[in-house]
Structure formats: C-alpha cells, structure tokens
C-alpha cells in the first residue's frame, strides 16, 4: 500500500477551496452587499438551474463521456411545455411532467447515437445541441413564450426567508448523489468511467448503463430548464444558451475528472456551481464591466482544468508503478 | 488414472485463425486439488487453449468436460457461470472503486435500490481472509500494489465460486515476497479442491507449485504427466522440440578486434540486473532465453524505450569507446521487432513512403522539401538489394506478404546505415522460405561489418547464424556459449533452475 495525502499534495488536492476562499473574502471586503444573508441566498437561488443540469451532465462525465447538448435539451423541452400550456391550456403539473419526459427522450436520442451508432459522444451531442436548439427556435418563432399569469409568480415563492427553488435543488442533488454513490447503477457508471474495456470484460452491461446516463442527463437538464423558466416567468430564445459549457465547467471545477470514474455529485456540484454564481454576483456588486465575468470565469475554468491534468498525471504515474 | 477424480478435461480442441491452425487436437487434463502447469514456447498455442477455456474465443472442434458433464463456454460470462475464472496477466481492476466494489461490481448486493455496503464489506473481508490477507474493503484499489490488486482479482474469482482458476503469468510483475504470498494462496486454493491451471515462463515456479505438467508445441499437446516424471531439461526439450539441424548459413566466426558496444552493470529495477556484455563488429550474437527471461526488455532498455536504473553503455565512435545515453544510441541502431504491424511498418503507406520515413532528413532538397526523385531512387535500391517481391515501390505495404513486410522494415533501417541491429524475433509468423531469406539477410549484414544482437524463440534459427550466445534468465546474463555449442548445451543452459527468486532489486 502506498501512502497518500502527503502535505506536499495539499495545494493540489485543496487548491479549489483555497481559490474559493480568496474570492469569497475578496468580495466580502470589497463590496457592502455581498456578505449578507439575502445575497448569499440569492446566489444559491440563481445557481439552482445550473447545479441541477450539471448534476445530470456529471453522470455522463463520470462514465467517461461528454454531453454538450444539455442547454439545448433544456430549451427544447421547456419550449414544448410552455407552448402546450399557452395554446393547449395544459395543467402546469402535467406540463412539467411532459417537459421532463421530453428531456429524457432527447437524452435517449443522444444515448442511441452514442451507444448504438457508436459515434463519439462529443460529436454526437454537438450535432444534437445544434439540432435541438434549431427545433426549439422554429417552434417558438424565436420569440419569448410567456407563462400563464398564475405560474409566472411561482418564481418568487419562499419558505420563510429561503426561496423554494433552493429546496428543489437540494432534493434533486441529494437524489442524484445517492444514485451515484449508493446504487449498483451509480457504481457501474463509475466502473465504466475507469475503463470501458475492462468494465465490459468484467461483464457489466456497459451499453445499457451508458444509454441511461444520457437519459438521466436529458431529464435533469429539463428540470434545470423548468427552474430557469419559472424564475424568468417565460421561455426566452436564449434559454440554456452556453449552459452546456458552464455546466461542464461546474463539473470540472468541482473536482469530477473529465477522464471519468472520479468524484461525487453533492460535494462537487454545489461548490462548483456556487463559485461561478458567486463571481457573477460579486462582480455585479462591484459594478464591474459585465463582460469581465467571462474573462474571470474562463480563468477559473483553466485553473481547474490544469489542476485536473496535474492530478490525473499523478494518478496515472501511480497506476504504472 | 481415475476418471472420477478428474475435474476438467479438454479433448481434441482445434482452432484456426484466418486459415492458420493455432491448435490441432490439443488436450488438457487437470484435477481438483492440483495445479497443472501448461508450458510451451511462443506460439505453441497455450494462450489460445486457455482463451477457449475462458470463453474469450470459441473453438472450431473439440469438447470441454467439467465434472463429468460436457460444457459449452461461449463468453467470459458463461465461463464464470460454469465456474471457470481467468486471472489475466493484465488485471481487470477498476482503480477508483473500492476493494469491495471491485470484487462485487458485476452483481452488487442490493436491498431495494441501494447497495448493502456493510454486507458487501463483510463478504469481501471473508473472501480476502481465505486468501490470507486483510486489506480493508473500503480501500480504493488505486492505492494498492500490483500484488495486492492481483489478490482482489482472485477474490473476485472466488466469489463466483470458481471450480477452475486459470493463472496467466501471474508472477511476471510481482516482487519476491508477493510471489511467495501468491504461492501460499495457490496452495490454499488447492486444499479447497480448486483446479489450478498455471501458465508461466519461469521453469522453477512449476516445480515448486505444480503437481502436473502439460507441454504444448505447434498447437498440439506433446506431454502430460505428474511433475515428478520430468526435470527442467526435459521440459525445455519438450517445449522446443528436437532441434532439426537445417544447416548453418555461416560457420561461426571468432570476431576479433575492439568491441563496437560494451555494456556494464546495466540495471532496470525488477527487470534486468548486472548485465555485462560486448559485441564486436561483424559479429552475430544470439540472446538466448525463454520468453519472460528479459530478452526483449534488454533490447528495449539498450535503446531507451524503457528507462534504465543504472549501468553504462559504451559505444565506439571513431577510435574511442565512450559512454552513450540509450536515447542517443537509438540513432545508431536498427531495431526490428516481431510486432512488424504495430512497430515496424505503416501498413496503409507505400513501400517507398515506409522506407523514406526514418530517412527524411537525407532526402530533403534545397527548399527543405522532400525530393521525390531521391526518395524513389532509395526505395528502388532497397527493393533491389533486399529482393522485396512487389509490383513496384508504390505498392501498399499492407498488401505484401509477411516476409516482404519484414524486408521493408529492414530496408527502412538499412538506409540509415546503422552499425548495430537489434533483432527481436524477426521471423515470427513467417513461412520457412521467408525465414531463411531473412536469416541470409542477417548474415549478409554481418559480412558488411554490421553487428547483430538476435533474439529468437527458435533455437534452430539461432543455431544457423550465431557466432556466440549470451544466455539470459530472470533478467541476468547467466552464461555465455561459443557458436559451436550444440542444441543440448543450449537447452541445458536455460534449464538451470535459478533458486534466487528475486529478479532484480
């Protein structure tokens, strides 16, 4: 057995939290409004759709693949739901169920292309990312689809001081976390992410596991889409645009390796999503140029990816020894 | 022989790959409570036979009888269901998962949707205890040594209630103590009545752990008996067959003069140690040892394909012999391996392009672009010199026969005019006439002053050309024999049991 967790590994293993703490303290000192309960709750509330979408994407990443269609999946499924409510006067609960089913179906299409047609997952979901968004734009004529009035105000619902969608996020993340860490399906996703050839040799149904990871990613993307829609009171033509990359960044910044097989949902997604929303919020409070968010977000992604590359380099060294 | 005791019988197994017979009516008999060694040289068919038993490939003919009942095994999963487990040389571990998860991954014990973690840990502990080890089940496998990982692999086999466990070269990457521990584990499994099939290239191991030995050669089973009826020399003799003297291509010469290359104290931990030798110009030196003895590893270490941990390689540059780094030596050496498809040629490219690749620098014109005319001239010269049978220099290498592909590999390196050739099984998979042609080519190179270090599994082949033999075993050069040495002397030299189990370090 080799010893792990030496002191020299500390900055690498915990680099994320060092960066996190520095940014947090900086914003707290530099602005008046940042370090207030209301604002912190705002950050949590704003990050909910991102966190939920990222948790689904994380399952695919853990299996060793990618899904960059999650933003478009959220848009298309929510557009269908909103149109059904407006034009078909559908019951909102039923509409929500249909939206999630649509998301799962769109994910299943991804799964089919990757698992059955054996197309590289990045290419497969790149094509569906473009196609799904195109379909949604055609359906909505690229216009804003307003929600019916009673639902439009659902976004402001609070339980005591805490916005309701924070609870939704926590419940969803805990469920996905349990799925990943405590069920056979979750562990077999991790096994597959270690080495798909070995997993197949050991006798795991890797095709089925891979397919359902995409279905779940699609369904969770649409749940994230529903939260965004409720927060905005409408489905905008920009819903989920760029979400796939922010979600991927959340996954990686949170410590889930792009090589697959590593990480845990709850402890990766929440801090990962929080740091991005915190930067956006802090910069707004600072009154900074709105475009500076992209530059700083990009720097954080780069730092996280670099740390991941360093870490996995060490792991593979260890494996060879 | 008592038929009721027999647990496993494979009879009349035949298998051909693309029309070439790998197994011709091979058989195997093994009993519970015993370890049966399966021995054979490179290409004897033992891996194919084991892959059939493990469900990795299907046999063309023959039957497998397990516990008196004929058994059909079509996939690794089916093999597991029938109680046949395969501990591969390449372990099938999932490094980021825990020990318990690795053992149970294909059928995780669950109640409702959730895994019964504690139950799984308890069972894992029990399985590992049977193997005499106490690795905590929550440990991640990536934190374990290869030896420990192998035990997890065996534990996984035990969980499937394996009646037959095939060990494929289990000790090749173990340290000395780990090897002893594995032997204890195997002894324990034998007491439990498991049929052990043990594949190795290390002769000493079969005498310390196996009760029976089966020897294969050219796809047939040529010997099967209790281990007490053979000695190491006999096993080597059976593996290699009677060395038919095909006649020397060149009588052994005694090279005189200064060495071209001198190696002292070369060491690669766990693989090679104390390697000292010299090669003179124009000399063909045979590196003779069984597979796994470190012969390929020695060639790789010489040219820096694997890092070395100590020792000096000296190379003659002009009149002086000066130390040289292995990576630098690579530029002076033509290295040809048995894996010509993987390492030797680029199959989709033409003969001309293949030969040009290592020589591009010398083919540049004044614009620093490749001079087609010179490339073509070079290719034509090589095709002519090596008598490559092809429609022309533009023929795609993939469409050539194996022998001609290997000649293209020679052509690539010849054009760089190396002074030393390292040849690792250069005739593997070639027919007899192609083999002879390659061997003639080797002699021709030596006549022109090149030195050659030649590895071959076929003793007959070495005996046709070598001027001198270096004998390698467990990563050490244990002896040196003159070119006049006979087959029995050469076989005897590698049958010596090395009681010193540590390879190196």
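Quick notes on this structure:
- Residue within segment B:317-340 that is within 27 Å of residue B:496 (Cβ to Cβ), in contact (Cβ under 8 Å) with a residue 12 or more places away in the chain and surrounded by 18 or more Cβ atoms within 10 Å (Cβ to Cβ) present: yes
- Strands (runs of 3 or more DSSP E) contained entirely in segment B:1-119, each with at least 3 residues that are within 14 Å of chain A (Cβ to nearest Cβ) and surrounded by 15 or more Cβ atoms within 10 Å (Cβ to Cβ): B:84-87
- Residue check for residue B:139: within 8 Å of chain A (Cβ to nearest Cβ), under 26 Å from residue A:182 (Cα atoms), at pLDDT 90 or above and more than 29 Å from the chain's Cα centre (by Cα): yes
- For segment B:347-373, filtering for residues that are at pLDDT 90 or above and within 15 Å of residue B:414 (Cβ to Cβ) leaves 5.
- Of all residues making up segment B:470-490, the number that are over 30 Å from residue B:175 (Cβ atoms) and in a strand (DSSP E or B): 2
- Conditions (1) within 15 Å of the chain's Cα centre (by Cα); (2) within 14 Å of chain B (Cβ to nearest Cβ); number of the one not met by residue A:245: (2)
- Filter result (surrounded by fewer than 17 Cβ atoms within 10 Å (Cβ to Cβ) and within 11 Å of chain B (Cβ to nearest Cβ)) within segment A:169-180: A:175, A:178
- Tally, over segment B:125-136, of residues that are assigned to a helix (DSSP H, G or I) and either at the interface with another protein chain (Cβ under 10 Å from one of its Cβ atoms) or in contact (Cβ under 8 Å) with a residue 24 or more places away in the chain (or both): 3
- Number of positions in segment B:341-362 that are touching a strand residue (DSSP E or B) at 6+ places or on another chain (Cβ under 9 Å) and crowded, with 18+ Cβ neighbours inside 10 Å: 4
- Filter pass, residue B:170 being in a loop (DSSP other than H, G, I, E, B) and within 13 Å of another protein chain (Cβ to nearest Cβ): no
- Exclusive hit being surrounded by fewer than 22 Cβ atoms within 10 Å (Cβ to Cβ) and at pLDDT 90 or above, set B:498, B:424, B:431: B:424
- For segment A:127-141, filtered to residues that are without any contact (Cβ under 8 Å) to a residue 60 or more places away in the chain and over 10 Å from residue A:110 (Cα atoms), the residue that is surrounded by the most Cβ atoms within 10 Å (Cβ to Cβ) is A:135.
- Subset tally (residues that are assigned to a helix (DSSP H, G or I), under 21 Å from residue B:152 (Cβ atoms) and touching a strand residue (DSSP E or B) at 6+ places or on another chain (Cβ under 9 Å)) for segment B:180-210: 6
- Selected residue [more than 14 Å from every other protein chain (Cβ to nearest Cβ) and at pLDDT 90 or above] from A:189, A:166, A:162: A:166
- Residue among B:477, B:454 that is buried (at least 20 other Cβ atoms within 10 Å of the Cβ), more than 29 Å from residue B:355 (Cα to Cα) and touching a strand residue (DSSP E or B) at 6+ places or on another chain (Cβ under 8 Å): B:477
- Some residue of segment B:407-416 being surrounded by fewer than 16 Cβ atoms within 10 Å (Cβ to Cβ) and touching a residue at least 12 places away in the same chain (Cβ under 8 Å): yes
- Qualifying residue in segment B:150-163 (condition: in contact with a strand residue (DSSP E or B) (Cβ under 8 Å, 6 or more places away or on another chain), within 13 Å of another protein chain (Cβ to nearest Cβ), at pLDDT 90 or above and part of a loop (DSSP other than H, G, I, E, B)): no
- Here the strands (runs of 3 or more DSSP E) wholly within segment B:310-428 that include at least 3 residues being within 26 Å of the chain's Cα centre (by Cα) are B:310-317, B:333-336, B:420-424.
- No other residue among A:296, A:270, A:275 is crowded, with 22+ Cβ neighbours inside 10 Å, part of a helix (DSSP H, G or I) and at pLDDT 85 or above apart from A:275.
- Hey, residue B:311 closer than 24 Å to residue B:451 by Cβ, in contact with a helix residue (DSSP H, G or I) (Cβ under 7 Å, 6 or more places away or on another chain), assigned by TED's automatic domain parsing to the domain that holds residue B:401 and in contact (Cβ under 8 Å) with a residue 24 or more places away in the chain or not: no
- Residue under evaluation residue B:235, criteria (1) assigned to a helix (DSSP H, G or I); (2) surrounded by 18 or more Cβ atoms within 10 Å (Cβ to Cβ); (3) at pLDDT 90 or above, criterion not met: (3)
- Hits in segment B:444-491 - residues which are farther than 23 Å from residue B:387 by Cα and free of Cβ contacts under 8 Å to residues at least 12 places away in the same chain: B:486, B:488, B:489
- Residue check, residue A:15 at pLDDT below 95 and out of contact with any strand residue (DSSP E or B) (no Cβ under 9 Å at 6 or more places or on another chain): yes
- Taken as a whole, the structure places residue B:213 among residues that are closer than 30 Å to residue B:487 by Cα, under 23 Å from the mean Cα position of the chain (by Cα) and either in contact (Cβ under 8 Å) with a residue 24 or more places away in the chain or outside any strand (DSSP E or B) (or both).
The values are calculated or read from the model by the stated rules, or taken from the named source; none is laboratory data. Worth saying up front: this structure is predicted, and the values here are computed from it rather than measured. Note that we place each Cβ from the backbone using ideal geometry, even for glycine, and neighbour counts take in every protein chain shown.
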